[in-house]
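Student: First the structure, which I've put down as structure tokens, then a few questions once you've had a look.
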Protein chains: 2
Amino acid sequence: MTGPRRARRATVHDVAAAAGVSRGTVNRVLNGGYVSADARTAIEAAIAKVGYVPNRAASMLARQRSQAVGFLALEPHSLLLEDPNIGAIMLGANSALSLADHQMVSLVIDSDRDMQRVGRYLSGGFVDGAIIVSARSHDPIIRLIGEIGLPTTFVGHPPDLARDMPYVGIDNIGSAREITRRLMQTGRTRIGMIAAALDRDSGADRLTGFKEALGDRFDPGLVADVPLYDYTYGVKGMRALLDREPAVDGVFAASDAVAAGALEALREAGRRVPEDVGVVGFDDSSWALRTQPPLSTVHQPAREVGRHAAELVLRQIAGTEPVELSVVLDSPVVWRHSA
Amino acid sequence: MTGPRRARRATVHDVAAAAGVSRGTVNRVLNGGYVSADARTAIEAAIAKVGYVPNRAASMLARQRSQAVGFLALEPHSLLLEDPNIGAIMLGANSALSLADHQMVSLVIDSDRDMQRVGRYLSGGFVDGAIIVSARSHDPIIRLIGEIGLPTTFVGHPPDLARDMPYVGIDNIGSAREITRRLMQTGRTRIGMIAAALDRDSGADRLTGFKEALGDRFDPGLVADVPLYDYTYGVKGMRALLDREPAVDGVFAASDAVAAGALEALREAGRRVPEDVGVVGFDDSSWALRTQPPLSTVHQPAREVGRHAAELVLRQIAGTEPVELSVVLDSPVVWRHSA
DNA sequence: TTGTATGCGTTATCAC
DNA sequence: GTGATAACGCATACAA
């Protein structure tokens, strides 16, 4: 005897019956339309009385849209929810979607099985569009998005396979170049880099910018590369650098988390920052103000990135105006005390 | 001329036509059932040919379920995605749901508007159940959950209004008591606490455990309380404590993030840890191993918490066996070098 | 084993 | 302004 777990829910039909009108009229007070004051009050009373709650599955089926947008962060799971940047992007996207009365749903991908299931979810009509962060060229999701033609915006450089899809991001190369130059201007002569996530465009671009700034003075022996934008890897990367070149007096870390780790490694090695070694980071995340000394870094307007991504998706969903293919936001250097 | 934005998608009907069978048969190969080998191959070919992708809205409507479970973290947004614990709980919940072929969708609540919309989302049938983290008694979501009778599991003590709902958590009081005792055993005589988030059960319980351990020796003047489990508040709380009682020689911080902040404040005040002051935290999150020295803390099995929460929800959805009302997991003290 | 008919709850398009 | 009615695409019970 399992029995019904929940009572049957009231439908528009029930409301119409209780109010003594037709379903059409009920729908009009629900979704706006011409309706007499009398009918309206009667219906509103009926709604309260029968405890009507709209069934969005039915609405979704009839209207062919869900008023929801998916948010996917394709980060290794260890980082997924610890990266302050992703959080800020999510919040920015959410508030823009919220304004347009769309529900943001974020989906985590932590296994192949997840990948498959999320694919079905996206193509099943649960969302009208998607925002995808940190995709790499080989991520299978990209092909899928193309196949089902889901309105999508990428955050960060679009992977090769999706060059024609809208994206929003910053100029990683230019900003990396600029902050490296600023570091050079402090008179450092042996400047190294802790490069991270070279399999992502952001990681590769930051290294490119670093090389460009150094030009002839670039020394491949002075770059340590680590797989992730992560504190622990920052520690390791800095140790490696010190090991290879004890005379290093400047370091560009690929992210603030990495820079924070580098600071720790420098402290354990007895180097003073910024006196002995100047350190700069990237992102201007919450790490930057928590280190001692606070980090000179590149400000990434993460919230704005999220907001623009959401707007690009919404505009594609509306399908009215042509969508510009990309938005590149300013990412200025902010100079503090670590260099 | 807006024009159709996307071509009409193939339906079961189209597949049936292409394969020369009925829709019923197509459905049987899709959802399992008796189908002849001939029919099956024909249908599979047809599916590929017409590019059929199931419309889950229709399926949802017909079956009255979505195979999705909502995940809500009711944290202040600044913390939402930076708290390593929440990330671990999400991952744990996701993997359990994934095994049961359910899609976890996480919803952020960052405004009243969000609250309303998420309420409609949950009650609209987009999810079959929900996992709710860090709810407080007055959170409107709780009443809503009760009203719509959505299978739900709370993570952390259930708020008063939901005493009858399943939850999973740890014994915050007991663990706080235990780690405080350990700290006392190191011979400290002036032990303070940086209490945080006293409006949440976890925060209040940790303070209670602290008081219990100290007994007669408890001195209200030695507790600084801050609103959030946050690094920056840890710095502030520790400064306040030092200010009030310079002789403080032991500190229980309500979380590892807070403890990390406390360490920073102690460093700037010239106190050595653990020589001058012993510090312990709570959570055993990634912070614990990143501080110098690494934190003695309480291990919170966040991933397991998420897993159990998911299982409790799934069991309610299945509705077969009676659901035990709560799961309390072990949270042992792990002793490192900060005290 | 396969085909058919009906229902799921809402929206939209008509006449009235 | 309002009331019927036909989609929307899938699942399922029943007939064949």
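This table checks each residue for (1) within 29 Å of B:Arg303 (Cβ to Cβ); (2) in a loop (DSSP other than H, G, I, E, B); (3) at the interface with another protein chain (Cβ under 10 Å from one of its Cβ atoms).
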| residue | (1), (2), (3) |
| --- | --- |
| A:Arg113 | yes, no, yes |
| A:Gly119 | yes, no, yes |
| A:Ile132 | yes, no, no |
| A:Arg136 | yes, yes, no |
| A:Glu147 | no, no, yes |
| A:His157 | no, yes, no |
| A:Ser175 | no, no, no |
| A:Ile179 | no, no, no |
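Student: Out of B:Ala16, B:Ala68, B:Ala73, B:Ala58, which single residue is within 11 Å of chain A (Cβ to nearest Cβ), within 11 Å of DNA strand D (Cβ to nearest atom) and among the small types (Gly, Ala, Ser)? Can you show your working first?
Tutor: Values: B:Ala16 fails: within 11 Å of chain A (Cβ to nearest Cβ); B:Ala68 fails: within 11 Å of DNA strand D (Cβ to nearest atom); B:Ala73 fails: within 11 Å of DNA strand D (Cβ to nearest atom).
Going through B:Ala16, B:Ala68, B:Ala73, B:Ala58 in turn, just one is within 11 Å of chain A (Cβ to nearest Cβ), within 11 Å of DNA strand D (Cβ to nearest atom) and among the small types (Gly, Ala, Ser): B:Ala58.
Student: Restricting attention to region B:84-104, and to residues there that are in contact with a strand residue (DSSP E or B) (Cβ under 8 Å, 6 or more places away or on another chain) and within 24 Å of A:Pro84 (Cβ to Cβ), which single residue is nearest to DNA strand D (Cβ to nearest atom)?
Tutor: B:Met104
Student: Then there's this: Which residues, taken from region A:218-253, are more than 14 Å from every other protein chain (Cβ to nearest Cβ), charged (D, E, K, R) and farther than 19 Å from A:Leu183 by Cβ?
Tutor: A:Arg239, A:Asp243
Student: For region B:188-241, what are the residues that are charged (D, E, K, R), closer than 25 Å to B:His157 by Cα and in contact (Cβ under 8 Å) with a residue 40 or more places away in the chain?
Tutor: Within region B:188-241, B:Asp199, B:Arg200, B:Asp201, B:Asp205, B:Arg206, B:Asp230 qualify.
Student: Further question on the same structure: For B:Phe210, only one of the following conditions fails: (1) crowded, with 21+ Cβ neighbours inside 10 Å; (2) outside any helix (DSSP H, G or I). What is its number?
Tutor: (2)
Student: If you go through region B:242-270 one residue at a time, how many are free of Cβ contacts under 8 Å to residues at least 12 places away in the same chain and surrounded by 20 or more Cβ atoms within 10 Å (Cβ to Cβ)?
Tutor: The qualifying residues number 0.
Student: Here's something else I'd like to know. Every residue in region A:23-53 that is near DNA strand C (Cβ under 10 Å from one of its atoms), in a loop (DSSP other than H, G, I, E, B) and modelled with pLDDT of 90 or more, please.
Tutor: Hits for region A:23-53 are A:Tyr52, A:Val53.
Student: With respect to B:Val50, determine if the residue is within 13 Å of DNA strand D (Cβ to nearest atom) and β-branched (Val, Ile, Thr). Show your work before the answer.
Tutor: Details: within 13 Å of DNA strand D (Cβ to nearest atom): yes; β-branched (Val, Ile, Thr): yes.
Yes, satisfied.
Student: Based on what the data block shows, is A:Ser106 surrounded by 21 or more Cβ atoms within 10 Å (Cβ to Cβ), assigned to a loop (DSSP other than H, G, I, E, B) and within 11 Å of chain B (Cβ to nearest Cβ)? Write out each step before concluding.
Tutor: Values: surrounded by 21 or more Cβ atoms within 10 Å (Cβ to Cβ): yes; assigned to a loop (DSSP other than H, G, I, E, B): no; within 11 Å of chain B (Cβ to nearest Cβ): yes.
No, not satisfied.
Student: Only one residue in A:Gly87, A:Gly92 is within 18 Å of the chain's Cα centre (by Cα), outside any strand (DSSP E or B) and facing another protein chain (nearest Cβ under 9 Å), so which one is that?
Tutor: Selected residue: A:Gly87, the only one of A:Gly87, A:Gly92 that is within 18 Å of the chain's Cα centre (by Cα), outside any strand (DSSP E or B) and facing another protein chain (nearest Cβ under 9 Å).
Student: Which residues, counting only those in region B:286-312, are in a helix (DSSP H, G or I) and more than 13 Å from every other protein chain (Cβ to nearest Cβ)? Talk me through it step by step, then tell me what you get.
Tutor: Kept after step one, since they are in a helix (DSSP H, G or I), are these residues of region B:286-312: B:286-290, B:302-312.
Of everything in region B:286-312, those that are in a helix (DSSP H, G or I) and more than 13 Å from every other protein chain (Cβ to nearest Cβ) turn out to be B:Glu304, B:Val305, B:His308, B:Ala309, B:Glu311, B:Leu312.
The values are calculated or read from the model by the stated rules, or taken from the named source; none is laboratory data. Not measured: the values here are computed from a predicted model. Cβ sites come from the backbone with ideal geometry, for glycine too, and all protein chains shown count toward neighbours.
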